[in-house]
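Below is one structure, written out as structure tokens; the observations come after it.
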Amino acid sequence: FTGAELEAIRAQFPILQREVQGHPLVYLDSAATAQKPQRVIDAESSFYATANAAVHRGAHTLAGEATELYEDARLTIARFLHVDENEVVFTSHATEALNLIAYALGNASLGMGGAAAAPYALKPGDEIVTTELEHHANLIPWQELAARTGATLRHIPVRDNGALDVEVARSVIGERTRVLALSHVSNVTGQVSPLAQLVPLARAVGALVVLDSCQAAPHVPLHPRELDVDLAVFSGHKLYGPTGIGVLYGRAEVLDALPPFLYGGSMITTVTMEKAEYLPSPQRFEPGTPRIAQAIGLAEAVRFVDELGLDRIAASEHAVAQRLRDGLSVIPGVRLLGTDPAAPRVALASVVVDGVHAHDAGQFLDDRGIAARVGHHCAQPLHRRLGATASLRLSAAVHTTAQEVELALDAVAGIRSFFGAGGSTP
Ligand code: PMP
């Protein structure tokens, strides 16, 4: 983006006007949650102000308008993903979407869902494969599913440079693999997973592929069909949308065959005192009053992203990502997590600052108005593998400027000397 374009983008984010600790806010925590453009905030509040009603029921005008807005939101998301509308299920967040998949597979394993669901049932001896770099949201549901079904949980290990080990993956994924669940982009290293090499391994053995696209969605065009995955998830709030909304994409054939996860109203065809028949996707997975305002807000966020163009966003963020990594990698006593020279990356980087606890480093940055994330970022196994208990993560967004990156690099360069841990820059 040109300087003027970037200014115009920044002007759309009201929070960027505020100060923190007497400094202009430098928000470098977009991987945790993105800030919201005014139009997203307005879309949500204007729904409540003008069209609020429960969807899919009631004959009145507002109910009709609310239903149309909600289903339009689904259509917007479907276009964004290049998939059909009935393949888009709204959840509360990516975590719920991943749990939904695991629970539906667990229910299939209990014999629920009848013959249609039977091909998805897991039994002792079957294997679920995940990876060593997963966010806990794409690990724990699989641990629990394995425990409930007697299936074995295996994982693709990570190399010292944070890359998934494709060679080892060839022996981990085999005839017994029924599910491969993996991240699209690591939320710690920012490295894009080698999907073109890994997905075909799972395909070749007929395993279901589940992709966690949370950290990809704001940065790279999402195309689950081209990636040949069965199911993919992301969270609205990381894509400039509201909190409380997540998206599950699933191939229609898979979604319509899987038994539901939650049960209640708005998902059935007929109900007797003994049993119920369920609607196809997406209603089958959206019982209860859905997240209407949040879905409408997310659709507005997708329009915001679409109007700028994810390709242009990616190109503009590329320079930021490069400078961030180059700058961090030359600071003495600062170690970058994820150094695979071959991996494409998004604009996020995590570092361990020698001799300084990540929380102190985060506080030091906050004192300068810089918002960064510290901790294990819900990826304890990856931190353990890379020899760290916690790290400091800087993650950029469409509104991040080169000057902000320089401010952050200067601040990181000053951490060690401030805490008496050595370092050359005052
Ligand atoms: N997966 C990844 C890779 C993430 O970065 C996150 C959010 N930190 C999640 C899953 C979970 O997203 P949410 O908390 O919105 O459910």
Cα gyration tensor shape of the range 1-46, rounded if a/c is under 1.5, else prolate or oblate by comparing a/b with b/c: oblate
Which whole-Hz couplings ³J(HN,Hα) result when phi for each residue of the range 291-297 is put into the Karplus expression 6.51 cos²θ - 1.76 cosθ + 1.60, θ = phi - 60°, listed in order with x for Gly and Pro? 8, 5, 4, 5, 5, 5, x
Checking the range 219-306 for GluC sites (Glu not before Pro) in a loop per DSSP with at most 12 other beta-carbon atoms within 10 Å yields E274
Taking max minus min of the Cα coordinates of the range 69-193 on each principal axis, largest first, gives extents in Å of 47, 38, 21
In whole angstrom, and with the biggest value first, how far do the Cα coordinates of the chain range along each principal axis? 73, 55, 32
In whole Å, largest first, the alpha carbons of the range 257-326 cover along the principal axes 64, 24, 16
Heavy-atom accessible surface of the chain: percent carbon and sulfur, 1.4 Å: 54 percent
Could you give the accessible area per residue of the range 168-273, probe 1.4 Å, as a whole number in Å²? 33 Å²
Hey, could you grab the Kirkwood Rh for the range 121-172? Inverse mean 1/r over distinct alpha carbon pairs, Å, one decimal. 11.6 Å
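Could you tell me which chymotrypsin sites (Phe, Trp or Tyr not before Pro) in the range 2-68 are loop residues by DSSP with no more than 14 other beta carbons within 10 angstrom of their beta carbon?
Here no chymotrypsin sites (Phe, Trp or Tyr not before Pro) fit, given the DSSP loop and packing criteria.
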Over the chain: helical MRE at 222 nm, DSSP H runs n ≥ 4 each giving -39500 (n - 2.57), nearest 500: -12000 deg cm²/dmol
As a test question: what accessible area, to the nearest 10 Å², does R159 have when a 1.4 Å probe is rolled over all protein chains in place? 100 Å²
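Taking the mean number of other Cβ atoms within 10 Å as a proxy for protection, how do you rank 285-293, 116-124 from highest to lowest?
The packing order, highest mean first, is 285-293, 116-124.
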Enumerate the amide H contacts of V20 below 5 Å, restricted to partners 5 or more residues apart or on another chain; note that Pro and chain-start residues carry no placed amide H. L25
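Is the range 1-146 best put as rounded, prolate or oblate by its Cα gyration tensor, with a ≥ b ≥ c the root eigenvalues, rounded for a/c under 1.5, and otherwise prolate when a/b is larger than b/c, oblate when not?
Judged from the Cα gyration tensor, the range 1-146 comes out oblate (a/c at least 1.5, b/c at or above a/b).
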Expected output is a single nm value to one decimal: the length gained when fully extending between R203 and L227, i.e. 0.36 nm times separation in residues minus the C-alpha distance. What is it? 7.5 nm
What list of ³J(HN,Hα) couplings, whole Hz, do you get for the range 70-87 from phi and the Karplus terms 6.51, -1.76, 1.60, once you set θ to phi - 60° and write x for glycine and proline? 5, 6, 4, 4, 4, 4, 4, 5, 4, 5, 4, 9, 6, 9, 7, 4, 6, 9
Taking θ as phi - 60°, what are the ³J(HN,Hα) couplings along the range 10-27 by the Karplus curve (6.51, -1.76, 1.60), each to the nearest whole Hz, with x for Gly and Pro? 4, 5, 7, 9, x, 5, 6, 7, 7, 10, 10, 6, x, 10, x, 4, 10, 8
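The values are calculated or read from the model by the stated rules, or taken from the named source; none is laboratory data. Bear in mind that the values here come from a model prediction, so they are computed numbers and not experimental data. Positions of Cβ are generated from backbone atoms using ideal geometry, with glycine treated the same way; all protein chains shown enter the neighbour counts. Remember, those area values only see protein heavy atoms, side chains included, never the ligands or the DNA or RNA. Shrake-Rupley method; radii C 1.70, N 1.55, O 1.52, S 1.80 Å.
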